[in-house]
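Please read the structure below before turning to the comments.
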Amino acid sequence: MDTPPLSGSDSDSDDSLVTDRELQDAFSRGLLKPGLNVVLEGPKKAVNDVNGLKQCLAEFKRDLEWVERLDVTLAPVPEISGPQSTSQSKDQKAVDPEDDFQREMSFYRQAQAAVLAVLPRLHQLKVPTKRPDDYFAEMAKSDQQMQKIRQKLQAKQAAMEKSEKAKQLRALRKYGKKVQTEVLQKRQQEKAHMMNAIKKYQKGFSDKLDFLEGDQKPGARGTKEGAKGQQMKKGPNAKRRYKNQKFGFGGKKKGSKWNTRESYDDVSSFRAKTAHGKGLKRPGKKGSNKRPGKRTREKMKSRTR
């Protein structure tokens with residue numbers, strides 16, 4: 001009777017059992033030690049295969065013209081002509097590789113020397129060294145990628161402009177509120193000053209009406225103030241003038257016809273003939289032309305009836 005073939009799981013379990021048995025045997029012999037078991041490779045040996053290197057060099061080396069290769073081997077350009085330049089040019093190995101600045105400067109000076117040596121040679125060979133004005137190079141990135149970048153930059157710029165506008169609006173609001181409060185305070189002060197001036201004018205403490213001309217220019221106000229000052233110096237104050245205009249020209253009205261000591265003693269204007277009716281009669285006036293009295297007129301009316 002043939003035995004059925006083992007399934008994949010059974011074969012894996014058998015392989016694992018085999019490996020476990022081998023490990024147990026190795027451990028019993030003392031070949032295994034506690035810890036991770038890693039296969040250690042020996043150190044690589046450096047082999048200087050000169051023939052192989054020459055063969056590789058001959059494979060990729062081509063006998064081309066210098067214009068196609070553009071290779072030069074030059075020493076770095078001396079820094080500054082002086083007493084130390086000769087020592088530096090002689091000792092090129094004095095560059096400290098650990099000093100980044102000194103190392104980069106040596107690379108820069110070496111590239112500068114190569115450019116100074118190659119440019120005249122290219123000019124002799126009539127090789128252009130500058131890009132023409134109408135030169136269009138193929139972009140490294142596609143138009144779609146550049147369009148995405150452009151949209152991103154535009155969105156960023158729009159956000160920055162929006163934030164700047166918001167800042168400006170906030171600043172303007174603050175400034176507007178400040179100006180509004182200052183204007184309100186100024187109006188309140190002017191109102192209080194005008195009310196005080198009106199009270200002083202009503203009580204007679206002041207005769208100036210400058211508070212009524214607050215909207216005029218200071219120059220015109222000054223000229224009017226000077227003119228009014230001259231007028232007030234000549235006559236009474238404004239309150240007195242206003243009362244004189246309303247009630248009269250001033251002076252004592254009651255008892256104005258009373259005699260005084262001086263008027264009683266003054267008899268220069270006395271005329272005896274005029275006082276006793278003996279003076280000359282005025283022409284055009286006769287006593288017969290006088291109108292009769294009321295009773296006489298009534299009697300005259302009754303007689304006529």
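Against the definition (open to solvent by 100 Å² or more (accessible area, probe 1.4 Å), within 45 Å of the chain's Cα centre (by Cα) and at negative phi), how does PHE136 come out, yes or no? First the steps, then the outcome.
On the way: open to solvent by 100 Å² or more (accessible area, probe 1.4 Å): yes; within 45 Å of the chain's Cα centre (by Cα): yes; at negative phi: yes.
Here the answer is yes, as PHE136 does meet what is asked.
Output the residue which, of all residues in the stretch 39-68 that are outside any helix (DSSP H, G or I) and among the small types (Gly, Ala, Ser), is farthest from ALA117 (Cα to Cα).
Quick first cut of the stretch 39-68, residues outside any helix (DSSP H, G or I) only: 39-49, 61-65.
Subsequent filtering for residues that are among the small types (Gly, Ala, Ser) retains 42, 46.
Working: GLY42: 49, ALA46: 38 Å.
Residue satisfying both the conditions and the ranking: GLY42.
Can you confirm whether GLN151 is closer than 28 Å to ALA75 by Cβ and either within 40 Å of the chain's Cα centre (by Cα) or open to solvent by less than 90 Å² (accessible area, probe 1.4 Å) (or both)? Outline the logic, then answer.
Numbers: closer than 28 Å to ALA75 by Cβ: no; either within 40 Å of the chain's Cα centre (by Cα) or open to solvent by less than 90 Å² (accessible area, probe 1.4 Å) (or both): yes.
No.
The values are calculated or read from the model by the stated rules, or taken from the named source; none is laboratory data. Note that the structure is predicted; figures quoted are calculated from it, not measured. So basically every Cβ, Gly included, is an ideal-geometry build from the backbone, and we count neighbours across all protein chains shown. Side chains included, ligands, DNA and RNA excluded: accessible areas come from the protein's heavy atoms. Shrake-Rupley method; radii C 1.70, N 1.55, O 1.52, S 1.80 Å.
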